[in-house]
Amino acid sequence: MTPDQLTQAIVDGVNAGGEQFLEGTLAAALPIIWLVILGLHLGRPYILDMIDRFTLRLGADLLWLVYIALRDLLIISGVIMSFMFFFPDVVTSDQLPLTGGLAAVCLFGALLVKLIGDPDHNLRDFRLTTLLLAVGAAFYFVPYVLGVQSNRVVSGTLANVSSFLVTSSNPHWAVGVGYVSVALLAILGAIAAGYSLKTGGRANETVISESSSSTK
């Protein structure tokens, strides 16, 4: 082996190791992100109750701004971190939840509802956001718990089910689900882009009127 070949082999090994470390870190962090997102979304009544107890309006506004920023930032982070489910080489080489890409689509759908509607003031939009987050959590945690976490401890029929829910042991389904997720994400992205271009980034008048009527 020549020095150039040895150098290239070391560089390739470092790159592969860094890529696997990054993917493993994202896969380990995503369940925590999902739990925090669900906790913040379902904990909205508690935040509103805390706001009503504030005697200083500035403190109440700051608490609400921090809550909204943290909740939406985590949803955006979850979508970005889930992009690894859209790459065939990643899902076929790593042990990931089979329907993780569909979970990312649900997260993006929740962001689209927040863009077009107003879940914080409109009950219909809030219920739709809750439904999307619930479905997305099911898409992620069911294969994660029954597949990734149970893959090495179950046997028999459960072992076959567990292997089916893991991307690396079910590459054909993993790639197919990934392509479907990309197509759905592209459709939702086109809707978001079209809405932004149509409204110029301003809130829709219909949304404003519905929000005003719901708060009265």
- Query: Assuming residue 191 fulfils every condition listed in (1) open to solvent by 70 Å² or more (accessible area, probe 1.4 Å); (2) over 23 Å from residue 33 (Cα atoms); (3) without any contact (Cβ under 8 Å) to a residue 60 or more places away in the chain apart from one, which condition is it?
  - Reply: (3)
- Here are some residues: 79, 90. Which one is open to solvent by less than 20 Å² (accessible area, probe 1.4 Å) and touching a residue at least 40 places away in the same chain (Cβ under 8 Å)? 90
- Message: Restricting to the range 22-35, count the residues that are open to solvent by 60 Å² or more (accessible area, probe 1.4 Å) and within 23 Å of residue 129 (Cβ to Cβ).
- Response: 2
- May I ask you to verify whether residue 99 is in contact with a Phe, Trp or Tyr (Cβ under 7 Å, 6 or more places away or on another chain) and on the phi < 0 side of the Ramachandran plot? yes
- Query: How about the range 95-148: which of its residues are outside any helix (DSSP H, G or I) and open to solvent by 50 Å² or more (accessible area, probe 1.4 Å)?
  - Reply: 95, 121
- Pull up the range 36-48, narrow it to residues that are hydrophobic (A, V, I, L, M, F, W, C) and closer than 18 Å to residue 104 by Cα, then point me to the one that is least open to solvent (accessible area, probe 1.4 Å). 37
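The values are calculated or read from the model by the stated rules, or taken from the named source; none is laboratory data. Quantities reported herein were computed from a predicted structural model and do not represent experimental measurements. Note that each Cβ is placed from the backbone with ideal geometry, even for glycine, and that neighbours are counted across all protein chains shown. Surface areas here come from the heavy atoms of the whole protein model, side chains and all, with no ligands, DNA or RNA. Shrake-Rupley method; radii C 1.70, N 1.55, O 1.52, S 1.80 Å.
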